[in-house]
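*Asks:* Before I ask anything, here is the structure I am working with.
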Amino acid sequence: MSSLIIPFPTDLRPRLPTIVGNVDYLTLCQRLQQIESLLQASGLEADFVEKALQDWLKPKPASRPPTARQQQQFQLRSRRALRCTILRTLLQEDYRGFSCALAGSPLYQWFCLVDALDAVRVPSKSELQRFAHWLEAAQMRRMMERLLLAGMDPAGPLDLKEPVDLEEYFVDTTALKANVHFPVDWVLLRDATRTLMKAVTLIRREGLKARMEPPAEFLRRINRLCIEMTHSRRKPESRKERKRVLRGMKSWSRWWGAMPASIGTCWIRSGRKPIGHGARPIRSWGGLTRCWSFCRGRRNRRTSGLSASGRWTMRRRF
């Protein structure tokens, strides 16, 4: 044990309740007991407390040296900081949710050293956030490296069945959900216009130009209508105003929805082979025009009448 750490006697702690008939609880209990034994056998917990004490015991101007009682409380808070951060990461909970779960579980209280015989003081969400940044990232990285090196040694203090193989890496490649907006009618019309105008821009870049205005002009008009739709909620007759703007979108959509299809038809009839990125919109003309016709044919009301699966299929398409 380090010379900075003072070995204080521990308080009496209540015994964990006996739970029968729940295999998941027993598995979690065994895992937490194993983590606690690894923290003590590897010396990681003592090293964590020592690093925290080194920063805490630094002399500060115009301040008295801490007393033994204050150091005892700080050492206990340091141990709680390490254990609460480990358990919160294991459970994948946020600060507020973990604080609530910690208040209702005697097993979590035992592992985090907050259990008591009289009253249980659970760390708040702000305290848990401070626990997550108890040490600097560089110090934690060095401690984790020493723990991994100790796990590689078969005769080390961890007493593992098999040494840790550092040649294999386990990476979480789970795809995150995109933060998409709710696909109401006017948002779908805007997305469809943007997608079709991008396709027109790619085709015109290849050299085929029909009698139509530049795609940027259509994008400017749909953006202006979207701004009007956004600010229509603040007007007294918001429902009528939204219907008016939506009818304007549908009126303009007849023009900029038909033009890309005619350009694609002219491209195919010309017999020219699209090259580069220009081939991508040509291959998807059928699906785009079908989605466009379906979106434009919806009724003029505030939100879309599509089902949930239909709306998200349209959103993914655009």
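Throughout, read-outs are computed from the coordinates displayed, never taken from laboratory work. Quick caveat: nothing in here was measured; it's all calculated off a predicted structure. Please note: Cβ atoms are built from the backbone with ideal geometry, for glycine as well, and neighbour counts cover all protein chains shown.
*Asks:* Checking the cross-link filter: which aspartates and glutamates have an alpha carbon closer than 19 Å to that of Lys125, excluding same-chain neighbours under 8 positions apart?
*Replies:* Counting by Cα, and skipping residues close in sequence, Lys125 has these aspartates and glutamates nearby: Glu93, Asp94, Asp115.
*Asks:* In addition: Need the full-extension length gain, Gln73 to Arg15, defined as separation in residues times 0.36 nm minus the C-alpha distance. One decimal, nm. Write out the running numbers ahead of the final one.
*Replies:* On the way: separation 58, 0.36 × 58 = 20.88 nm, distance 2.25 nm.
Contour length minus Cα-Cα distance gives 18.6 nm.
*Asks:* Could you run the Karplus curve 6.51 cos²θ - 1.76 cosθ + 1.60 with θ = phi - 60° over the stretch 103-108 and give me ³J(HN,Hα) per residue in whole Hz, x for Gly and Pro?
*Replies:* 5, x, 10, x, 5, 5
*Asks:* Output ³J(HN,Hα) for the stretch 46-62: one whole-Hz value per residue in order, computed from phi by the Karplus curve 6.51 cos²θ - 1.76 cosθ + 1.60 with θ = phi - 60°, and x for Gly and Pro.
*Replies:* 5, 5, 5, 5, 5, 4, 5, 5, 4, 6, 6, 8, 5, x, 10, x, 6
*Asks:* What is the gain in length, in nm to one decimal, between Ala137 and Glu237 on full extension, counting 0.36 nm per residue of separation less the C-alpha to C-alpha distance?
*Replies:* Working it through step by step, the gained length comes to 30.5 nm.
*Asks:* May I pose another question? I need the phi-derived Karplus couplings for the stretch 134-148: 6.51 cos²θ - 1.76 cosθ + 1.60, θ = phi - 60°, integer Hz, Gly and Pro marked x.
*Replies:* 5, 10, 6, 5, 5, 5, 5, 5, 5, 5, 5, 5, 5, 5, 5
*Asks:* Can you pull the Rg over Rh of the stretch 23-152, Cα-only, Kirkwood? Mind showing how you got there, number by number?
*Replies:* On the way: Rg = 15.7 Å, Rh = 15.9 Å.
Rg divided by Rh gives 0.98.
*Asks:* Mind checking the full-extension length gain between Lys198 and Glu217? Use 0.36 nm per residue of separation minus the Cα-Cα distance, one decimal, nm.
*Replies:* Values: separation 19, 0.36 × 19 = 6.84 nm, distance 1.22 nm.
Answer, rounded to one decimal: 5.6 nm.
*Asks:* Return the distance in nm (one decimal) between the two label points of a simple spin-label model at Glu168 and Ser124, each offset 7 Å from Cα along Cα→Cβ.
*Replies:* Reported label-point gap for Glu168 and Ser124 is 4.5 nm.
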